[in-house]
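The values are calculated or read from the model by the stated rules, or taken from the named source; none is laboratory data. Keep in mind that what you see is a predicted model, and the values were worked out from it rather than measured. Don't worry about glycine lacking a Cβ; one is built from the backbone with ideal geometry, like all the others, and counts go over all protein chains shown. Ligands, DNA and RNA are excluded from the accessible area calculation, which covers all protein heavy atoms including side chains. Shrake-Rupley method; radii C 1.70, N 1.55, O 1.52, S 1.80 Å.
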Amino acid sequence: MTLTGERLVENMTGAERERAGRVEKVLPALREAAARADAEAAFPSGHVDLIREAGLLGLVVPEENGGLGGGLRDLAAATYAMGTACPSTALSYFFHNTSASRGMLPLEAIEAGLFTGEEVEPVRAFAEKVLTRMAGGTWTANFASEEVKSSSANIAIATTAAPADGGWTLNGVKSFGCATGVADTYLVTARLDGTTGADGLALFLVPRDAPGVASRTPWNGLGMRASNNHGITLTDVFIPADEALTVPGSFVRMLTMSRGSFVGNQLAISACYLGAAQSVYDFALDRLTRATFADSGRPIASSPMHQVIIGDMTERLETAYLWIRRQLELETSTPPLLPKQAVYRQWRIAKGDIAESCFQVVLGAFKACGTSAATLDGVIGRAMRDLAMGLVMTFPAERGRLEAASIVTGARENELFASVEK
């Protein structure tokens, strides 16, 4: 049997298939709950136990920390498969798994010698705590994004952490974070009070029900409505010192260990969107080939207009697959195929093209299936809202292309000056 995740991640190993099989078993329940979850704009609380009991909260946690030992290929296959069933759950699950990078990257940085002396013990302790808890069934929501904007960065951190007796006091607002009110723990990125640069960024494990933690007003916007992405407010929230990673410069040093994007697994969020687009494509094709014209008896899909639209949808879908598979190859190949800067540049273009291609697939389905399928609670209507957020999440395609061009032309400018013999 071909697993859903294998439609994206080809040539799985036996271990990868076993892990993908765990994902496959939860898809029917996710699919059954998707329409109601979207209508209620609320993450189905039962999905937490469902995914936990499948062992999937530790999907990308190393086996030595109690996890399943999966990697980026596993995560991409999982979020893609979940995206075909319930994109909101796929997105929330993705953000849970991004928390694992806050455990694995620091450990890799220790191995690389980026931490020395007294720094090693607290960094290792925090990293292993994150991983062990995730593997043990703790749903961890990763909260970094804020409303404050910076012209020089995609994410700016204004939330502050001030020293307190035995720990730290957090104050700030996290404007976006899936599984608000659902996850057991919020992994919060904050700026140490009195610092201004990235070396002052620190990580904190914040219990969902800690005093001073509150959900923001539910956000009735475009995007995956059942992901509980309200965000949180933090008002004088006390966090013990051993629940934080505050070694100066630790955040920057650990991120240097990622293979591509800043946490090394961002392509798995695009896999959520691709899974949703594939689901809509399958729905539209089935509908258009089954339905017939009353006068000729021919399938609606056979008309010239529909043939053009289906051809466009197919081209856009394949474009998304090509981009994401190439990025997956670049970020998982051993040895690396390209330097990190080139992999990063590739991702800045790929993310936007994947998101825009997926949205165009849904737009094509909307055109081809017509008014009878144009309902907000239908497959196409829900997907149009789900995939619209991909156009702007983290950064829009235009910003990615601008940054890629800057990298390319910056390198070319350096080539304009060279030593030559007279």
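May I ask for the angle, rounded to the nearest 10°, between helix 340-369 and the longest principal axis of the chain, with both axes built from Cα atoms and the value confined to 0 to 90°?
Compared with the principal axis, the helix lies near 30 degrees.
For segment 6-71, rounded, prolate or oblate, judged on the Cα gyration tensor with a ≥ b ≥ c (square roots of eigenvalues), a/c < 1.5 rounded, else prolate if a/b > b/c?
Oblate shape, in that a/c is at least 1.5 and b/c is the bigger or equal ratio.
Between rounded, prolate and oblate, where does segment 43-154 land on the alpha carbon gyration tensor, with a ≥ b ≥ c its root eigenvalues, rounded for a/c under 1.5, else prolate if a/b exceeds b/c? Show your work: numbers first, answer last.
Values: a/c = 2.08, a/b = 1.33, b/c = 1.56.
Oblate shape, in that a/c is at least 1.5 and b/c is the bigger or equal ratio.
Could you tell me what percent of the accessible area of segment 5-59 is made up of carbon and sulfur, with a 1.4 Å probe and every protein chain present? Let's see the in-between values first.
Numbers: 1290 of 2710 Å².
Looking at segment 5-59 in its full context, I get 48 percent from C and S.
First obtain the Kirkwood hydrodynamic radius of segment 286-422 from its Cα pairs, then insert it into the Stokes-Einstein equation at 25 °C and 0.890 mPa s, and state the resulting D in µm² per second as a whole number. Working shown, then result.
On the way: Rh = 17.9 Å.
Result for D is 137 µm²/s.
Can you give me the C-alpha center-to-center distance between segment 1-73 and segment 350-380, rounded to a whole angstrom?
Result: 25 Å between the Cα centres.
Specify the angular offset, from 0 to 90 degrees and rounded to the nearest 10, of the alpha carbon long axis of helix 267-290 from the longest principal axis of the alpha carbons in the chain.
Roughly 10 degrees between the two axes.
Which translational diffusion coefficient, to the nearest whole µm²/s, is obtained for segment 178-300 from the Stokes-Einstein equation, given a Kirkwood hydrodynamic radius over C-alpha pairs, 37 °C and 0.692 mPa s? Present the calculation step by step, with values, prior to reporting the outcome.
Details: Rh = 18.6 Å.
The calculation lands on 176 µm²/s.
Would you tally the net charge around residue 182, using a Cβ to Cβ cut-off of less than 15 Å, leaving residue 182 out, and scoring K and R as +1, D and E as -1? Numbers along the way, then the final one.
Details: positive: 52, 174, 208, 216, 225; negative: 40, 49, 184, 209.
Charge balance in the 15 Å sphere: +1.
If you fit an axis through the alpha-carbon atoms of helix 101-111 and take the longest principal axis of the Cα set of the chain, what angle between them do you get, 0 to 90°, nearest 10?
The angle comes out near 50 degrees.
Tell me, Kirkwood radius of the chain from alpha-carbon pair distances, in Å? Don't skip to the end; give the middle numbers.
Values: mean 1/r = 0.0445 Å⁻¹.
Mean inverse Cα-Cα distance, inverted, gives 22.5 Å.
In cubic angstrom, how much convex hull volume per residue do the alpha carbon atoms of segment 105-245 span? Could the numbers behind the result be given before it?
Working: hull volume 18.6 nm³, N = 141.
Per-residue hull volume (Cα only) is 132 Å³.
Compute the accessible area per residue over the chain, keeping the other protein chains in place, probe 1.4 Å, unit Å².
Values: 18680 Å² over 422 residues.
On a per-residue basis, 44 Å².
With a cut-off of at most 11 other beta carbons within 10 Å, and DSSP calling the residue loop, which chymotrypsin sites (Phe, Trp or Tyr not before Pro) in segment 288-387 qualify? Please list them. Spell out each step's value before the answer.
On the way: sites: 293, 321, 323, 344, 347, 359, 366; in loops: 293.
Of the chymotrypsin sites (Phe, Trp or Tyr not before Pro), the ones in loops of segment 288-387 whose Cβ has at most 11 other Cβ atoms within 10 Å are 293.
With N residues in segment 214-256, what two-decimal value do you get for its Cα radius of gyration over 2.2 N^0.38 Å?
Working: Rg = 15.7 Å, N = 43, 2.2 N^0.38 = 9.2 Å.
Output field value: 1.71.
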